[in-house]
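Here is the structure we will look at, set down as structure tokens.
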Amino acid sequence: MSGNEDFNDWLQAYAYAWDRPGREAIEAAVWKDYGMEGAVFVLDMTGFSRLTAQFGALHYLSMVRRMQIAAKAIIRRTNGELVKFEADNCFARFKTVDDALQAGLLLHTHFTMLNRETSDDYDIHISIGIDWGWYLLVDETDFYGNPVNRASKLGEDMAAADQILLTNDAFEKGVTLPPDIKVEDAQADVAGSSIGIRVINLG
């Protein structure tokens, strides 16, 4: 039986366990089997609606494929594990926040260099969110939990093009930045709560 089938069995058991002790026992077992602590990295390509409207779906999908090839290689090079690609998003996990940040910086540099050789309609711009914490990893192909939600919110909804947003929890794990890159403090509303974040503008 695959890890995903086992996970679904746990979810079904939890759904029909009406008593608190039963649910707590299932939750403890699930976190024991699937729980991981680390950095969560979520990348989003910007300009989807505009480019698709102007040039068609195939044009944009070909750009997504270029992003996927680069992201897969750079995530591996920076000691990360690709979890999944979903539409024009990339989800990955890292053992350290610094590795996740280095992946983001390298990807930005990679696309900046490529964009110099292409017309604007082929340029790839990305936004990235990074968080740290405990999450559930299922079959190495999907993950769930607060850090996944927060990184997704930052990378997909809040970060502008050529911007990396990190939660304070993530940033305080320790990162290495070139001296010419400035980090700004900000607040973000995530799931109804205001959290401290760090903003890195690369554009």
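Listing for the model above:
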| read-out | value |
| --- | --- |
| Candidates M67, M113, M36, ranked by Gaussian network fluctuation over the chain, Cα under 10 Å, top entry | M113 |
| Degrees separating the helix 3-15 axis from the principal Cα axis of the chain, which is the longest one | 60 degrees |
| Three principal axis lengths of segment 101-166 [C-alpha, angstrom, descending] | 41, 25, 21 |
| The chain: angle of helix 20-34 to the longest principal axis, Cα-based, in degrees nearest 10 | 50 degrees |
| Candidates L114, L82, L166, ranked by Gaussian network fluctuation over the chain, Cα under 10 Å, top entry | L114 |
| Segment 155-166 - phi-based ³J(HN,Hα) in whole Hz, Karplus 6.51/-1.76/1.60, Gly and Pro as x | x, 8, 9, 10, 5, 7, 4, 6, 9, 10, 10, 10 |
| Binned Cα-Cα distance frequencies in the chain - 10 Å width, integer % | 9, 33, 32, 19, 7, 1, 0 |
| For K173, K182, K95, order by how many other beta-carbon atoms lie within 10 Å, fewest first | K182, K95, K173 |
| Across K153/K182; K72/K153; K32/K72; K32/K153, pairs whose alpha-carbon gap is larger than 24 Å | K32/K72; K32/K153 |
| Length-normalised contact order of segment 44-139 in % [C-alpha pairs under 8 Å, at least 6 apart] | 30 percent |
| Helix-only CD estimate at 222 nm, as mean residue ellipticity for the chain, using -39500 (n - 2.57) per DSSP H run (n ≥ 4) | -13500 deg cm²/dmol |
| Rounded tilt (10° steps) of 57-77 against the dominant C-alpha axis of the chain | 70 degrees |
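Throughout, read-outs are computed from the coordinates displayed, never taken from laboratory work. Keep in mind it's a predicted model, so treat the numbers as computed, not measured. Neighbour counts are summed over all protein chains in view; Cβ atoms, including those assigned to glycine, are modelled from backbone coordinates with ideal geometry.
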